[in-house]
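The values are calculated or read from the model by the stated rules, or taken from the named source; none is laboratory data. Values in this document were obtained by computation on a predicted structure and should not be read as measured data. Note that each Cβ is placed from the backbone with ideal geometry, even for glycine, and that neighbours are counted across all protein chains shown. To get the accessible areas, we keep the full protein, side chains included, count just its heavy atoms, and leave off ligands, DNA and RNA. Shrake-Rupley method; radii C 1.70, N 1.55, O 1.52, S 1.80 Å.
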Amino acid sequence: MTQPTPIVDFVPARYGKAIPVSAGQTLTIISKEGSQVLDLWALGRDDPMEYMSMEHTRSKNSKVMLSVGDSYVSIRRRPMFTVVEDTSPGIHDTLLCACNSAIYEESGCTEYHRNCSDNFHEALAEIGVQFPFTPGPLNVFMNIPIEEDHTIRRLPPATKPGDYIKLRADMDLVAVISACPQDISVINGAEKTPRDVHYVVEG
Ligand SMILES: [Zn+2]
């Protein structure tokens, strides 16, 4: 039996995209320049209201950051994405919300600034899905260390060019990637320059 050709594509800097991934397929997300972070969501294809939940994932794994072999789970605590490979330092934030208009207003923006929250809804609208709110995303490659006094810091990614994480879909799902438009803090690297997010779907 021949394997289907892998889908090799990218999400343009500052924008979002909905990507169908079937059970057993893998989604590989590549940090080409080593500086870009992305917000990742997953919705069940049969029931979009079964979505990947960081709260349930932290509870299920008793960790705030997952490793190879661990699974990000849905609100029903069922595995949605399992980490099968990770060549990055393995730093992926599960704590912070998606950036939205309010964050950029707080930062002094007086005009509309693209943001991950709107990217999530825009990307879903393109495939005809409306979602009533913005779930907490998995912030892939985002470097948010927790200090001893329980405060958190926002640091540039610890990734190097070409690092990737490979996730296996455990059910038929729609993944949504937002190439984070943050260009005020150093979350996308010291250059504060949003980049494209490259990905491969295969299997
Ligand atoms: Zn963002």
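Cβ under 14 Å from His121's Cβ, His121 left aside: what net charge do those residues give with Lys, Arg +1 and Asp, Glu -1?
Numbers: positive: Lys17, Arg114; negative: Asp39, Asp118, Glu122, Glu126.
Charge balance near His121 sits at -2.
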Ellipticity estimate at 222 nm from DSSP helix runs (n ≥ 4, -39,500 (n - 2.57)) divided over the chain, nearest 500: -3500 deg cm²/dmol
Local electrostatic count, Arg14, Cβ distance below 15 Å [Lys/Arg +1, Asp/Glu -1]: -4
Considering Cα pairs under 8 angstrom that are at least six residues apart, work out the relative contact order of the stretch 1-91 and quote it in whole percent. 16 percent
Under unit Cβ charges (Lys, Arg +1; Asp, Glu -1), what dipole magnitude, rounded to 20 debye, does the stretch 7-202 have relative to its Cα centre? 340 debye
For Gly44, what charge total do you get from the other residues with a beta carbon under 11 Å from its beta carbon, if Lys and Arg give +1 and Asp and Glu give -1? -2
In the chain, if every C-alpha pair distance is counted and binned at 5 Å from zero, what percent goes to each bin? 1, 8, 16, 21, 22, 17, 10, 4, 1, 0, 0, 0
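Roll a 1.4 Å probe over the protein chains and send me the accessible area per residue for the chain in Å².
Values: 9590 Å² over 203 residues.
Result: 47 Å² per residue.
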Value of D in µm² per second that Stokes-Einstein yields for the stretch 3-70, Kirkwood Rh from Cα pairs, at 20 °C (1.002 mPa s): 146 µm²/s
Name the aspartates and glutamates eligible as straight-distance cross-link partners of Lys160: C-alpha to C-alpha under 16 Å, and not fewer than 8 places from it in the same chain. Glu33, Glu85, Asp86, Glu191, Asp196
Give me the dipole magnitude in Debye, nearest 20, for the stretch 25-139 about the Cα centre, with unit charges on the beta carbon: positive for Lys and Arg, negative for Asp and Glu. 520 debye
Among Gly24, Gly136, Gly16, which one shows the highest mean-square fluctuation when the chain is modelled as a Gaussian network with alpha-carbon springs under 10 Å? Gly24
Specify the angular offset, from 0 to 90 degrees and rounded to the nearest 10, of the alpha carbon long axis of helix 116-126 from the longest principal axis of the alpha carbons in the chain. 40 degrees
Comparing Lys17, Lys166, Lys60 in a Gaussian network model of the chain (Cα, 10 Å), the one with the largest mean-square fluctuation is Lys60
